[in-house]
Structure formats: C-alpha cells, structure tokens
Amino acid sequence: MSDQRRDLERGMYGRAVPVRPAPGDRSPTECPRGHNLAIATVRSGYHHRYGLTAITCGACHALGDPLATWCLVDPARQYDAGTAPSSGLVLVRTPPPLRGGVGQLSLRIDGETQADVDLAICGPCKRGVIEHVRTDIPRRGYGRVLIAAALALAAPTEYLWSTTRIADDPVTRAFWAGISWPGKLGTTDYCTDMDRAAGRLPDW
Ligand SMILES: [Zn+2]
Ligand SMILES: [Zn+2]
C-alpha cells in the first residue's frame with residue numbers, strides 16, 4: 001500500500017469528518033470544493049464512527065484540505081425516535097403534536113443529538129417554515145444535512161418554504177448562502193393552520 005493510499009484511508013476512521021446530503025445515496029460528481037471528481041480522482045470507503053459511505057477527493061487530499069474526506073447522508077432516511085439505530089449517524093424525526101405545529105429533525109451520533117432543526121410543515125397549504133437551526137459543532141455540514149432532510153419532507157418544487165428571522169451575522173448568512181436555500185429567508189409565510197397551532201389565532 002502506498003503512503004498516499006494509507007494517508008487517504010487514515011482520514012476515514014474515527015475522526016468526525018464533514019457530511020453532505022446525498023439523496024438516494026447517489027455518488028457525488030463534485031467534491032465540497034467544487035472539483036470535478038472524474039478529473040480529481042475519487043476514493044470511497046466506509047466511515048465506522050458514522051456508519052456511512054465516505055468519499056475522498058484526490059485533489060483536495062493532495063492539497064492537504066481538511067474537507068478532502070466527507071460522508072454521504074441520505075436526507076430522506078429518517079427514523080422515529082423509538083426505532084432509530086443507537087449507533088452511527090442517524091436522522092431522527094419528531095412529528096408535531098398537531099397539524100401545522102412545530103416538529104423537529106435531529107442529527108444524532110451514537111444516540112446523542114449533535115444538531116437539530118425546528119420546523120412547521122402544512123400539507124394542505126403546501127407551506128414549510130424553518131424556525132430554528134442549532135448545531136453543537138459548526139462547519140461539519142450537520143445543519144446542511146438537516147435542511148436537506150426538511151426539504152425531503154416537503155419538496156421545494158411543491159411547497160413554499162420560508163424561515164423565521166435569521167441572525168444578522170456573517171456565519172449565518174454564509175450558511176444559508178452556501179446551501180442554496182430555495183425559499184424565502186427571514187420573511188415568514190405561516191399559513192393559518194400554523195398560526196392556530198402556535199396560538200397566534202383563536203382556536204375555533
Ligand atoms: Zn476536491
Ligand atoms: Zn395550513
């Protein structure tokens with residue numbers, strides 16, 4: 001085994017590498033830095049801590065980029081809290097108590113929540129609202145995967161998505177810009193079901 005090969009593989013074990021959404025476990029054509037993987041060369045492996053497929057971009061690796069290896073998460077693979085695997089990286093969905101109410105998606109590693117998003121979705125009105133995104137460890141892609149998981153529940157081609165007011169700081173703006181958010185940002189489009197569920201309208 002060459003030194004480069006050994007280095008490539010060393011990155012795939014133990015460390016909490018970044019994650020990226022991969023709908024249907026589709027193999028990416030680009031790395032997170034935008035390298036065309038057909039040219040950059042690519043190696044795939046298995047990340048034991050996450051229990052997920054790990055991808056390494058040969059170009060990023062050769063440049064010593066910390067984003068050279070990342071793991072693929074299918075945003076549509078979501079578990080109920082009661083049946084979620086207790087090891088590896090999993091997405092857990094907590095439905096809202098009533099229609100239009102606020103539910104939650106969380107990203108857990110070995111049963112511990114590392115990031116979560118509060119969201120309201122109304123099927124009849126075709127609205128979705130992201131209320132809050134929280135990550136314990138920034139810049140790992142956890143928030144990005146959670147937003148992709150929200151959009152997997154209500155496709156932006158059918159649903160009008162919006163967010164509550166976002167913090168006016170460079171990190172927050174870079175996050176939303178980096179994930180190509182398909183909805184409105186910072187202007188909330190609640191439907192009447194969401195207003196009623198949140199007690200903003202009388203319950204009649
Ligand atoms: Zn790359
Ligand atoms: Zn509604």
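Scanning segment 189-204 for residues being assigned to a loop (DSSP other than H, G, I, E, B) and either of a type outside the set (A, V, I, L, M, F, W, C) or modelled with pLDDT under 90 (or both) gives a total of 8.
When residue 162 is tested against (1) closer than 21 Å to residue 77 by Cβ; (2) assigned to a strand (DSSP E or B); (3) touching a Lys or Arg at 6+ places or on another chain (Cβ under 7 Å), just one condition goes unmet, and that condition is (1).
Each row is one residue, and each column tells you yes or no for (1) in a strand (DSSP E or B); (2) surrounded by 14 or more Cβ atoms within 10 Å (Cβ to Cβ).
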site	(1), (2)
121	yes, yes
128	yes, yes
132	yes, no
140	no, yes
158	no, no
166	no, yes
176	no, yes
187	no, no
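Only residues that are more than 13 Å from residue 36 (Cα to Cα), among the small types (Gly, Ala, Ser) and not in a strand (DSSP E or B) were counted in segment 53-67, giving 2.
Restricting the search to segment 85-97, which residues are surrounded by fewer than 16 Cβ atoms within 10 Å (Cβ to Cβ) and either of a type in the set (Lys, Arg) or away from ligand 2 (no atom under 16 Å from the Cβ) (or both)? Give the derivation first.
If we filter segment 85-97 for residues that are surrounded by fewer than 16 Cβ atoms within 10 Å (Cβ to Cβ), which is where we start, we get 85-87, 94-95, 97.
Once the filter is applied, which keeps residues that are surrounded by fewer than 16 Cβ atoms within 10 Å (Cβ to Cβ) and either of a type in the set (Lys, Arg) or away from ligand 2 (no atom under 16 Å from the Cβ) (or both), segment 85-97 yields 85, 86, 87, 94.
Residue 82 meets all of the listed conditions (1) within 16 Å of ligand 2 (Cβ to nearest atom); (2) modelled with pLDDT under 95 but one, namely (1). Residues considered: 11, 24, 100. Of these, the only one that is modelled with pLDDT under 95, surrounded by 15 or more Cβ atoms within 10 Å (Cβ to Cβ) and outside the structural domain of residue 151 (by TED's automatic domain parsing) is 11. How many residues are under 22 Å from residue 114 (Cα atoms), at pLDDT below 95 and of a type in the set (S, T, N, Q) if we restrict to segment 145-188? Here the count works out to 1. Taken over segment 29-54, the criterion of being surrounded by 15 or more Cβ atoms within 10 Å (Cβ to Cβ), closer than 23 Å to residue 175 by Cβ and within 10 Å of ligand 1 (Cβ to nearest atom) is satisfied by 31, 32, 35.
Being away from ligand 1 (no atom under 16 Å from the Cβ), more than 12 Å from the chain's Cα centre (by Cα), over 30 Å from residue 17 (Cβ atoms) and of a type in the set (Gly, Ala, Ser) is true for just one of 186, 111. Which residue is that?
On the way: 111 fails: over 30 Å from residue 17 (Cβ atoms).
Being away from ligand 1 (no atom under 16 Å from the Cβ), more than 12 Å from the chain's Cα centre (by Cα), over 30 Å from residue 17 (Cβ atoms) and of a type in the set (Gly, Ala, Ser) holds for just one of 186, 111, which is 186.
The values are calculated or read from the model by the stated rules, or taken from the named source; none is laboratory data. No experiment lies behind these values; they were computed from the predicted model shown. Every residue, glycine among them, receives a Cβ derived from its backbone with ideal geometry; neighbour counts consider all protein chains shown.
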